[in-house]
Amino acid sequence: MQRLDKYLANLWLLSRREAPLMCKKGAVLVNWEIIKKADYKLQWWEIISLDWKEIKVLEQVYCILYKSAWYISSDEDEFWYLSYKKQMLDCPYVNLLHVAWRLDVDTEWLLLLSNDGQFIHQVISPKRDKEKEYEVWLEKEINEDSCLELEHWVILDDWYNTKPAKVEKIEDKKILLTITEGKYHQVKRMLESVHNKVVYLKRLRIWDWNLDWINPWEWKLVEV
Ligand code: URA
């Protein structure tokens, strides 16, 4: 449970100074009733109304986003790249969220986001073997031997031996690759180790969450 003014400020709907003042003025409704007490203890699932917006009070938020290429997976903009958060400014929880499994800036599609640190840790922990599936477009045709190598293990440029992966060849220059790890640029480096090159990469699935549920540019709350 959290204080009303604190929750509003955490969502960045109001500043820490503004939040108690707006409550006092009667500008904030909880369950469609004016609540003037800034220290009102919110129950999870109550509904706050402010500026014609209705926001469900959620303790833990889980969300998927169809990230576009050229947006970065970090919470802040970096150099000339915009943060993925700029793609979901209409999400009332945007300022609470952090990424589980980053995606390269030139890579599109599925980002999993939450404010639940324990959940993020579970998803990204190498011990948990959570599958991530990628569609990988290649510069050159890939042969059976390379697919077998990727399936068993390959040695990356830092001498790391990858864990077993699943490989399905869809076209001469396109595979589906499922891995359970998430080393830096892992897919690109795995393909380099079999003397090929990724020209385009799309993440289709993280664990049980997949892109069938979401359109380009969309975000969606999901249940865990
Ligand atoms: N592997 C990569 O090479 N890039 C990503 O963004 C994710 C996995």
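So the values come out like this:
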| item | result |
| --- | --- |
| Test: Asp145 is loosely packed, with under 13 Cβ neighbours inside 10 Å, within 20 Å of the chain's Cα centre (by Cα) and in a helix (DSSP H, G or I) | no |
| Residue check for Arg189: at pLDDT 95 or above and surrounded by 15 or more Cβ atoms within 10 Å (Cβ to Cβ) | yes |
| Lys220 assigned to a helix (DSSP H, G or I), basic (Lys, Arg), touching a strand residue (DSSP E or B) at 6+ places or on another chain (Cβ under 9 Å) and closer than 27 Å to Cys63 by Cβ | no |
| Identity of the residue in the stretch 195-215, part of a loop (DSSP other than H, G, I, E, B) and within 15 Å of the ligand (Cβ to nearest atom), that ends up farthest from Ile155 (Cα to Cα) | Trp207 |
| Which listed residue is within 12 Å of the ligand (Cβ to nearest atom), part of a strand (DSSP E or B), outside the structural domain of Cys91 (by TED's automatic domain parsing) and not hydroxyl-bearing (Ser, Thr, Tyr), from Glu192, Glu168, Glu181, Glu135 | Glu135 |
| Test: residue in the stretch 19-38 that is touching a Gly at 6+ places or on another chain (Cβ under 7 Å) and in contact (Cβ under 8 Å) with a residue 12 or more places away in the chain | yes |
| Index of the failed condition, Trp109 passing every other in (1) modelled with pLDDT of 90 or more; (2) part of a strand (DSSP E or B) | (1) |
| Lys37 vs. criteria loosely packed, with under 15 Cβ neighbours inside 10 Å, closer than 25 Å to Asp208 by Cα and not small (Gly, Ala, Ser) | no |
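The values are calculated or read from the model by the stated rules, or taken from the named source; none is laboratory data. All values reported here derive from a predicted model rather than from experimental measurement. With ideal geometry, Cβ positions are generated from the backbone for all residues, glycine too; neighbour counts draw on all protein chains shown.
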